[in-house]
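The values are calculated or read from the model by the stated rules, or taken from the named source; none is laboratory data. Given the structure is predicted, the values throughout are model-derived calculations rather than measurements. Here the Cβ is made from the backbone with ideal geometry for all residues, glycine too, and neighbour counts use every protein chain on show. All accessible areas refer to the heavy atoms of the entire protein, side chains included, with ligands and DNA or RNA removed. Shrake-Rupley method; radii C 1.70, N 1.55, O 1.52, S 1.80 Å.
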2 protein chains.
Amino acid sequence: MNIGQAAEASGVSAKMIRYYESIGLIPKTVRTEAGYRVYSDNDVHTLRFIRRARDLGFSVEQIADLVSLWRDRERASMDVKRMALAHVDVLERKIAELQEMAGTLKHLANNCHGDGRPDCPIIEELASGETRHASSRAAPKFGLAKERLRP
Amino acid sequence: MNIGQAAEASGVSAKMIRYYESIGLIPKTVRTEAGYRVYSDNDVHTLRFIRRARDLGFSVEQIADLVSLWRDRERASMDVKRMALAHVDVLERKIAELQEMAGTLKHLANNCHGDGRPDCPIIEELASGETRHASSRAAPKFGLAKERLRP
DNA sequence: GTGATCCTTCCAATGATGGGAAGGTCAAGT
DNA sequence: ACTTGACCTTCCCATCATTGGAAGGATCAC
């Protein structure tokens, strides 16, 4: 199977397959005489695994762990569960942040009459007020691996 | 005021101030004979405005719009309101995505006994199942400007 | 005057992905 | 057999916001 077919079958773009290979997330494949990468059904399986983990917001680094756990049939499911729950934590903190942002903006927009008059509490708040809340101020550095879920 | 003091006063790093200048978000400042950038209280005010908009998740591009609306007191507040509400939409879609991810992961983790046994539904789902849902599949390309809120 | 602390510009890296160019390869149609 | 078009290869560049660092000049406190 060529890289294009593997991409089609797995839902991971050819570009990304090469990238994953280059960073060592997947091993280097067998090549044809002409240098074409050749993929097996099993490789496609792995790629699909990766794509799904990606869809759940895992970073490539985390996925590397997941893949090794997946390959190691003896691994403790505890490790996987811990990773999943830690990731849920990150997601939930992120959700809370976004809800706070959205809430603040909605509140401001509700108090903006939206006509031609120059008064706008949104602008005024940005210009002079404290728009930030404790949680966003105190928020430690945390980030989701993927911004665009399906770019 | 030097860039360092302006950074301190506004909460925007000196690095970012130079960057914002380089991309035209803020105008080029006056310089001293030695080439040092000089900032006024008004500049700091603008920088603080920018930082707050950033905290609310606006992209630099959107902030450029907001800043020009802010400077132009004759503009209709409607524009600002429209921008804010459009941004709320983006935030809420993002929230829904993250909630779905977190929900899927929690569901999987609940069904994972988490002991030493190798069976783990999380891994199994990733390996063979369809983890994606309609909303994430259908999700159009949309992204939030900022991944890390306070990096 | 000297050392510490600023400031300057430039360059690189991050993470995950897309875009594209330049060139080689393959399969099918004429 | 030859062309055509679809594929493949590598390599470089761009994104977005931000940080880091190096090399060198300026300023400041002592």
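Structural remarks
- For B:HIS107, the distances from its label point to the matching points in the remaining copies are 3.4 nm, ordered from shortest, with each point set 7 Å beyond Cα toward Cβ.
- The local environment of A:ALA6, defined by Cβ-Cβ distances under 13 Å, has a net charge of +1 under the rule Lys, Arg +1 and Asp, Glu -1.
- Note on the range A:3-71: along the principal axes its Cα atoms extend 36, 20, 19 Å, ordered by decreasing extent.
- Expressed as a whole percent, the accessible surface of the range B:3-71 that belongs to carbon and sulfur atoms is 50, based on a 1.4 Å probe.
- Label-point spacing at A:ALA86 relative to the other copies reads 3.9 nm, in ascending order, each point sitting 7 Å out from Cα along Cα→Cβ.
- Per the Cα gyration tensor, the range A:39-104 maps to an equivalent ellipsoid with semi-axes of 29, 15, 7 Å, ordered largest to smallest.
- Listed cross-link partners A:LYS94/B:LYS94; A:LYS94/B:LYS106; A:LYS15/A:LYS94; A:LYS94/B:LYS15; A:LYS81/B:LYS106 are compared with a 19 Å cut-off, the Cα-Cα value being larger for A:LYS15/A:LYS94; A:LYS94/B:LYS15.
- Inter-copy spacing of B:SER13 label points, which lie 7 Å from Cα along Cα→Cβ, given in nm from shortest upward: 2.8
- Backbone HN-Hα couplings from phi across the range A:9-18 [Karplus 6.51/-1.76/1.60, Hz, Gly and Pro as x]: 6, 9, x, 9, 5, 4, 4, 6, 4, 5
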